[in-house]
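Below is one structure, written out as structure tokens, with a few remarks after it.
Computed from the coordinates by the stated procedures, all read-outs in this text should not be read as laboratory data. Values in this document were obtained by computation on a predicted structure and should not be read as measured data. Note that each Cβ is placed from the backbone with ideal geometry, even for glycine, and that neighbours are counted across all protein chains shown.
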Amino acid sequence: MALEEYKGVYVFAQQVDNKVENIALELIGKGKALAKDLGTEVVAMLLGENIGDQAEVLAAHGADKVIVVDHPYLKDYMTEPYTQAIAAIIREFKPDIVLFGATAIGRDLAPCVAATVHTGLTADCTKLDIGDFPINPIPGREQLHNQLLMTRPAFGGNTIATIAIPDFRPQMATVRPGVMQKLPADPNAKAEIVNFDAKLEKNDRFVEILDVVKKVSEYVDIQDAKILISGGRGMQNKENYEKILRPLANLLGGQVSSSRAGVDGFGIPKELQVGQTGKPVRPKLYMACGISGAIQHLAGMEESDLIIAINKDETAPIFEVADYGIVGDLFQIVPALTKLVEQELAKKKEM
């Protein structure tokens, strides 16, 4: 394999119902940083039927080029035709890096593509960098430069691993939603549009979609929330999330979330879990109540704009990333804060 022939950072632009998903824009944002380090371009791969208008969205958020594969087989996501299309793009354009979102679609599609084009894949990454591999020089072994260093939790989240694919191309990874930051939209930005015929062929691995049933969740996605009031082991039980945290979250227009301790110990729904083994979040305000701050949790929320920590243990690791820390009993502090917020909102209504 002539590795020097492979150029560019390619992003799978996931779309549902002919609308590009937020994860695609996050990957383009990170792709721009990686491409800058490599002196190359960011290319979005857009698959679907009658999907061309979404190329403008991808251009506005930083894509230098958009490869569009428009075909009836791609109207709804199916593993085989999507795999054929992405593999055809890889064979034709030879990208150096290919990124997918670690979504239900991405987690299904990426390994199939990797197997088809015979390369490696690092799943559920929380950090991507360009650097040397091995990271630390090893006597007698060549240190390769400009490698994609992919960091992800390993062994159930108990350690962090950094992985590279030095001998094969493209270097492929899936990235968790909410970890990377999308660029502000520039409506004047333009991208080169390439309409590509992937020559899709129907075979015995195609499936027939009989119906699409959309699940309605009773919870707001915590990755979309601007304010998160989060509880941990210090909450003591599930009822206290509703009794103590919910009133404050409602007043602030936020959402209640939890650390892994709340999910495992108190039965808080998994979809509300913040952290590397849950969902990475980046709200404007993150309030951690009774959360000690395990490394897996910190990695999932430390990019929040403002972090307030409440914990009775003044040595808790959460205080190391907090902008403001309150040492004390959350069962006294949170209700007092809720009352203050309530009073301030009442004053504003009277004005």
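List of remarks:
- Global form of the chain, assessed from the alpha-carbon gyration tensor, a/c cut-off 1.5: prolate
- Model label sites at K339 and Q143, defined 7 Å from Cα along the beta-carbon direction, differ in position by 6.0 nm.
- Highest average first, the peptides 298-305, 240-247 ordered by how many other beta carbon atoms sit within 10 Å of their residues are 298-305, 240-247.
- 19 Å Cα-Cα threshold exceeded, pairs from K19/K94; K75/K199; K270/K312; K243/K339; K36/K65: K19/K94; K270/K312
- Projected label distance in nm at T79 and D17, using a 7 Å step from Cα toward the beta-carbon: 2.6
- Under-5 Å amide H pairs with E21, H placed in peptide plane, nonlocal only: Q14, Q15, V16
- Charge tally in the Cβ shell below 13 Å around A114, where Lys, Arg are +1 and Asp, Glu are -1, A114 excluded: +1
- For the pair D108 and D186, label points projected 7 Å from Cα toward Cβ lie 3.6 nm apart.
- Helix 22-38 vs. the chain, principal-axis angle (Cα, 0 to 90°, nearest 10): 70
- Gyration tensor (alpha-carbon) shape descriptor, segment 227-298, a/c threshold 1.5: oblate
- Annotation: peptides 142-149, 27-34, 103-110, ranked by per-residue average of other Cβ atoms within 10 Å with the highest first, follow the order 27-34, 103-110, 142-149.
- Long-range amide H partners of V11 with built H, under 5 Å: V43, A44, M45, L99
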